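Report on the structure given below.
The values are calculated or read from the model by the stated rules, or taken from the named source; none is laboratory data. What you see is a predicted model, and the numbers here were worked out from it, not measured in a lab. Here the Cβ positions follow ideal geometry from the backbone for every residue, glycine too, while neighbour counts run over all protein chains shown. Accessible surface is based on the protein model in full, side chains and every heavy atom, while ligands, DNA and RNA are left aside. Shrake-Rupley method; radii C 1.70, N 1.55, O 1.52, S 1.80 Å.
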Amino acid sequence: MEDIQISTLLLLMFFGFLAAFIDSVVGGGGLISIPALLFSGLSPSAAIATNKLASSMGSLTSTIAFIRSGKVDFKLVSKLFPLIFIGSLLGAWIVNFVSPELLKPMILVLLIAIAIYTFFKKDWGQKSTYHTLTWQKAALFAFAIFAIGFYDGFLGAGTGSFILFAFLMIGFDFLHSAGNAKFLNFGSNLAALIMFIFLDTVNFSYGIPMGISMIAGALAGSKFAIKKGVAYVRVLFIIVTVILIMKNILDYIMGG
């Protein structure tokens with residue numbers, strides 16, 4: 001700890017709060033927190049692993065806030081939790097053998113489709129129309145949640161947005177989709193974190209202080225979203241999705 005500069009910790013805590021404020025509702029906080037961790041001098045693998053520690057602390061906080069406000073469908077998400085947990089665990093293990101670059105073209109296409117669909121479908125997600133799914137739709141939805149969990153462990157950027165979109169597709173409004181998404185996102189974060197701890201790539205000296213600031217950011221962000229309602233979550237969802245698209249495009253340009 002004596003080798004860590006106070007200014008670095010303060011910087012990480014500031015960006016951790018900002019990342020968690022956004023991530024607590026629609027995901028995408030890694031766009032802020034991971035670059036901050038890279039700036040502190042961590043390697044890319046250590047930055048991603050350390051971010052999982054901090055973001056797990058934040059996502060647990062926002063999950064509790066959504067549960068207390070009654071925005072989480074326990075009956076549904078309790079069945080899905082093991083699927084996203086196992087999927088993320090598997091993804092975090094496989095990323096050690098396969099380059100995550102393989103998924104990036106597909107992710108970019110999906111993000112663009114999500115942004116266009118959500119932008120033009122103005123009344124979508126305003127009211128909850130969810131009903132019990134047929135077994136075919138339930139099986140497809142369960143597979144989608146498992147695949148998103150795998151993606152979170154494997155690559156991760158935008159996981160919260162993908163989960164939220166999945167719940168919108170089966171009829172939940174934006175606020176309940178956000179609550180359900182945070183519950184499951186905590187599961188995928190926790191699974192990936194366990195694997196990263198096992199692989200000894202987590203920097204606890206940076207991750208714990210950043211995580212504490214993320215607890216504060218997640219609490220503030222989730223309470224603000226619950227107070228502002230569906231319209232606020234929809235706008236934030238579109239903004240974060242567009243930023244994710246721009247980041248992916250920039251990655252390709254810089255890579256080229």
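Calculation over all alpha carbon pairs of region 1-124 in 5 angstrom steps from 0 returns a P(r) of 2, 9, 12, 17, 19, 19, 12, 6, 2, 1, 0 percent.
If I fit a long axis through the Cα atoms of helix 174-198 and take the longest principal axis of the Cα atoms of the chain, what angle between them do I get, 0 to 90°, rounded to 10? Approximately 40 degrees, to the nearest 10.
Other residues lying with their Cβ under 15 Å from the Cβ of residue 115 contribute a combined charge of +4, Lys and Arg counting +1, Asp and Glu -1. Beyond a 31 Å Cα-Cα separation, which of these cross-linked pairs lie in this structure: 52/121; 104/127; 104/227; 104/182; 104/223; 71/122? Result: 52/121; 104/127; 104/227; 104/223 exceed 31 Å. You can think of it this way: the chain between residue 139 and residue 68 has 22.7 nm of extra reach, that is 0.36 nm per residue less the Cα-Cα gap. Relative to the longest principal axis of the Cα atoms of the chain, the long axis of helix 104-120 lies at roughly 50 degrees. What the chain shows is 48 Å² of accessible area per residue, with the surface traced by a 1.4 Å probe over protein heavy atoms. Once you order the gyration tensor axes a ≥ b ≥ c over the Cα atoms, which shape class does region 214-255 get: rounded for a/c under 1.5, otherwise prolate or oblate by comparing a/b with b/c? Oblate shape, in that a/c is at least 1.5 and b/c is the bigger or equal ratio.
Dividing the summed helix terms, -39500 (n - 2.57) for each DSSP H run of n ≥ 4, by the number of residues in the chain produces a 222 nm estimate of -27000 deg cm²/dmol to the nearest 500.
Take every Cα pair under 8 Å whose residues are at least 6 apart in sequence, average their separation, divide by the length of the chain, and the relative contact order is 40 percent. So which residue, out of 200, 73, 23, gets the largest mean-square fluctuation from a GNM of the chain using Cα contacts under 10 Å as springs? Result for the chain, Cα springs under 10 Å: 200 fluctuates most.
In units of the rule-of-thumb radius 2.2 N^0.38 Å, region 23-77 shows an alpha carbon radius of gyration of 1.37. Taking the accessible area of region 71-199, probe 1.4 Å, and keeping the other protein chains in place, the carbon and sulfur fraction comes to 75%.
Computed from the alpha carbon atoms alone, the convex hull of the chain holds 118 Å³ per residue.
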